[in-house]
Amino acid sequence: MKVSSMETTAIPPENQLKKYFNLPGFRRGQQEIISAVLSGRDVLAVLPTGGGKSLCYQYPAVVMQKLVIVISPLIALMKDQVASLQRFGIPAGCLHSGQSDEEKRQVFAEINKGGAFVLYLSPERAQKEGFHRWVQARQVGLFAIDEAHCVSQWGHDFREEYAQLSILKKLCPDVPVLALTASATPTVLDDISKQLQLKKPERMVHGFYRSNLFYQVELCEDEDAKMALLLQGIKQTPEGRIIVYCGTRKVTENIAAFLQKKFGAQVGFYHAGLSAELRTTTQDAYAEGKLRILVATNAFGMGIDQPDVRLVIHFQIPANIDALYQEMGRAGRDGKESTCLTLYAKKDKGLQSYFIHSSEAPDAIKDARWRNLDALVNYSEGGECRHAEILTYYKDSQRIERCGHCDSCDTRSGRKVLKVITPLEKLDIAVEKIKSAAKPKKSKGGAQEIVLDEMQEQRLAQLKRWRKEKAKELDAPAFVVFSDQTLRHLAQKNPRSLDEMRNIYGIGEAKLEKFGWDVLAELGQHR
């Protein structure tokens, strides 16, 4: 089915969506993003994993009947999207190093016919002088930059070739630029805009609320506790795919070997240290359903779109909330109930700290990474609604107070709860080994439980009320203020000066300066 300009001008937008993409309607945020692009404005758009980012640049190609150039980081992702568009009869192609000269000539021949065409390029190819001369002689309707967080030095995946994409505005200053990513904080969005030299871009942040996902964080004392919860999670997920994310290649292989003994050939592993051939074989086996459980580092994920991932487990925390959210977003893309379980132990922060210390990045970037890691630790130790905190963290257009389907909101009061992992004391044989050690009672956080008396409990309640109000005032998640762990320490220690507050868990100089006097005032009411 060839797209013609006469057809598009005669068909209302909703009918175009159905006819050319076989979709019944736009998802949240898509129509606003597309409308801004069609009006010629630069756009910074954040849509979560599975939120339909690709339609935001594919649809304008059909409507405008022009060439749309998409900068994409993965050849496999380019090829998949080209094949999908061609199945719908929409002209599309990609240029990459693995093609023959004849294949490239065919792509250029199709573009030269005029009309709608979606062309995928790597960021490296966009830097070539031959491309610069060629693109200035073409009528381009839109530049789209996918995975745009890679542009930002503050993002979690900084890439030098992405940072040079400001060349697009220099080559074609009147062509709108659509920068798309699945997760970016306001700071990262500011940097993306600056690096790409966008002109007063529209900011659109939509769709971070995934009501079919159950968010849960378990603070674990040690690896045995993690392994027990890992097995329990798999046991409670008899159908669909499972992804287990680990922080290092060694842990990835060890966990995979452990699970292979229990579940056999349906378990595989994936990390950047494998050969390209083996990575491709593993990814294909996972996509085809030959592997049900995949243990992987963060090398696995970008461009992965399997609809029936029912469980995503983080065996170790990643570097920041952006990475955590993106990887959790692999779950439940078909809209069905799925679980995202994060297993956090104190030493996990040590692993990420090592990565930061070992980095050769400038001090300013390292400082940002430290702040991002602290935010993730506070999120893990936090006690507020996890979905509400995520929406506030990303400044989503939608906000909620409580979701009813995260570990913080689950009151077990009759509301439908999605696959809550059984607490440690109810686990079977896997935990008997842990319990036999006869250690002192542990809190959910895996540390010695902080037992508060009646007065201290009153202080804690007051501090939580203060934190909630302060978070609203700042339009920030509560964990950016203080974690639950920090509030419990404050309630117990009851510091009377800023110097005494310096000894409280989770309080550094920055937070002391920002919140110290407020906290002392709150505590002063309950002495």
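The values are calculated or read from the model by the stated rules, or taken from the named source; none is laboratory data. Everything numeric in this text was worked out from a predicted model, so none of it was measured. Every residue, glycine as well, gets a Cβ built from its backbone with ideal geometry; the counts of neighbours run over all protein chains shown.
Within region 272-315, the set of residues being among the hydroxyl-bearing types (Ser, Thr, Tyr), out of contact with any helix residue (DSSP H, G or I) (no Cβ under 8 Å at 6 or more places or on another chain) and part of a loop (DSSP other than H, G, I, E, B) comprises just one member, 275. Selection within region 509-527: residues that are surrounded by 13 or more Cβ atoms within 10 Å (Cβ to Cβ) and at pLDDT below 90. The member of this set that is farthest from the chain's Cα centre (by Cα) is 526. Counting only helices (runs of 4 or more DSSP H) that sit completely within region 29-114, those holding 1 or more residues that are touching a helix residue (DSSP H, G or I) at 6+ places or on another chain (Cβ under 8 Å) and at pLDDT 90 or above correspond to 30-38, 55-64, 75-87.
Each row is one residue, and each column tells you yes or no for (1) assigned to a helix (DSSP H, G or I); (2) touching a strand residue (DSSP E or B) at 6+ places or on another chain (Cβ under 8 Å).
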residue	(1), (2)
324	yes, yes
341	no, yes
364	yes, no
370	yes, no
391	yes, no
396	no, yes
400	no, no
404	no, no
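Within the bounds of region 191-201, is there any residue that is in a helix (DSSP H, G or I), over 30 Å from residue 387 (Cα atoms) and of a type in the set (Val, Ile, Thr)? No, every residue in region 191-201 fails to be in a helix (DSSP H, G or I), over 30 Å from residue 387 (Cα atoms) and of a type in the set (Val, Ile, Thr). Could you please let me know if residue 490 is more than 29 Å from the chain's Cα centre (by Cα) and surrounded by 22 or more Cβ atoms within 10 Å (Cβ to Cβ)? Yes: the conditions hold for residue 490. Among residues of region 493-516 that are of a type in the set (A, V, I, L, M), those with a Cβ under 7 angstrom from a residue that is not in a helix (DSSP H, G or I), sequence gap 6+ or separate chain, pair up as 501/495; 501/507; 504/495; 512/502.
The single condition among (1) modelled with pLDDT of 55 or more; (2) more than 27 Å from residue 388 (Cα to Cα); (3) surrounded by 15 or more Cβ atoms within 10 Å (Cβ to Cβ) that residue 442 does not meet is (1). Considering region 285-303, and only residues there that are crowded, with 16+ Cβ neighbours inside 10 Å, among the aliphatic types (A, V, I, L, M) and within 16 Å of the chain's Cα centre (by Cα), the residue that is modelled with the lowest pLDDT turns out to be 302. So is residue 161 touching a His at 6+ places or on another chain (Cβ under 9 Å), among the charged types (D, E, K, R) and assigned to a helix (DSSP H, G or I) or not? Judged against the criteria, residue 161 is not a match. In the set (1) surrounded by fewer than 16 Cβ atoms within 10 Å (Cβ to Cβ); (2) over 22 Å from residue 92 (Cα atoms); (3) at pLDDT below 85, the condition left unmet by residue 6 is number (2). Residue count for region 199-225 satisfying the condition of being within 26 Å of residue 333 (Cα to Cα) and of a type in the set (D, E, K, R): 3.
Against the test of being of a type outside the set (Lys, Arg), at pLDDT 90 or above and either outside the structural domain of residue 189 (by TED's automatic domain parsing) or not in a loop (DSSP other than H, G, I, E, B) (or both), the options 376, 418 yield a single qualifying residue, 376. Residues in region 173-184 that are in a loop (DSSP other than H, G, I, E, B) and either surrounded by fewer than 22 Cβ atoms within 10 Å (Cβ to Cβ) or modelled with pLDDT of 90 or more (or both) were compared, and the one that is nearest to the chain's Cα centre (by Cα) is 176. Counting residues in region 93-112 that are in contact (Cβ under 8 Å) with a residue 12 or more places away in the chain and over 25 Å from residue 127 (Cβ atoms) gives zero.
Within region 55-92, the set of residues being closer than 23 Å to residue 168 by Cβ and without any contact (Cβ under 8 Å) to a residue 60 or more places away in the chain comprises 55, 59, 62, 63, 75, 78, 79, 81, 82, 85, 92.
Condition check for residue 369 on (1) modelled with pLDDT under 85; (2) farther than 22 Å from residue 282 by Cα: one failure, at (1).
Across region 149-172, which residue is surrounded by the most Cβ atoms within 10 Å (Cβ to Cβ) among those that are acidic (Asp, Glu) and at pLDDT below 80? By that ranking, first place goes to 157.
Taken together, the criteria exclude residue 218 from residues that are acidic (Asp, Glu), over 21 Å from the mean Cα position of the chain (by Cα) and modelled with pLDDT under 95. For region 188-217, a residue qualifies if it is among the charged types (D, E, K, R) and crowded, with 23+ Cβ neighbours inside 10 Å, and exactly one does: 210. Among the residues in region 464-483, are any of a type in the set (Val, Ile, Thr) and either loosely packed, with under 13 Cβ neighbours inside 10 Å or farther than 25 Å from residue 388 by Cα (or both)? No; the residues of region 464-483 include none that is of a type in the set (Val, Ile, Thr) and either loosely packed, with under 13 Cβ neighbours inside 10 Å or farther than 25 Å from residue 388 by Cα (or both). Would you be able to say whether some residue in region 123-141 is modelled with pLDDT under 95, farther than 14 Å from residue 70 by Cα and either of a type in the set (Asp, Glu) or buried (at least 21 other Cβ atoms within 10 Å of the Cβ) (or both)? Within region 123-141, one or more residues are modelled with pLDDT under 95, farther than 14 Å from residue 70 by Cα and either of a type in the set (Asp, Glu) or buried (at least 21 other Cβ atoms within 10 Å of the Cβ) (or both).
Only one entry in 173, 186 is more than 27 Å from residue 343 (Cα to Cα) and free of Cβ contacts under 8 Å to residues at least 12 places away in the same chain, namely 173. Out of (1) in contact (Cβ under 8 Å) with a residue 40 or more places away in the chain; (2) within 23 Å of the chain's Cα centre (by Cα), the odd one out for residue 282 is which? Result: residue 282 passes all but (1).
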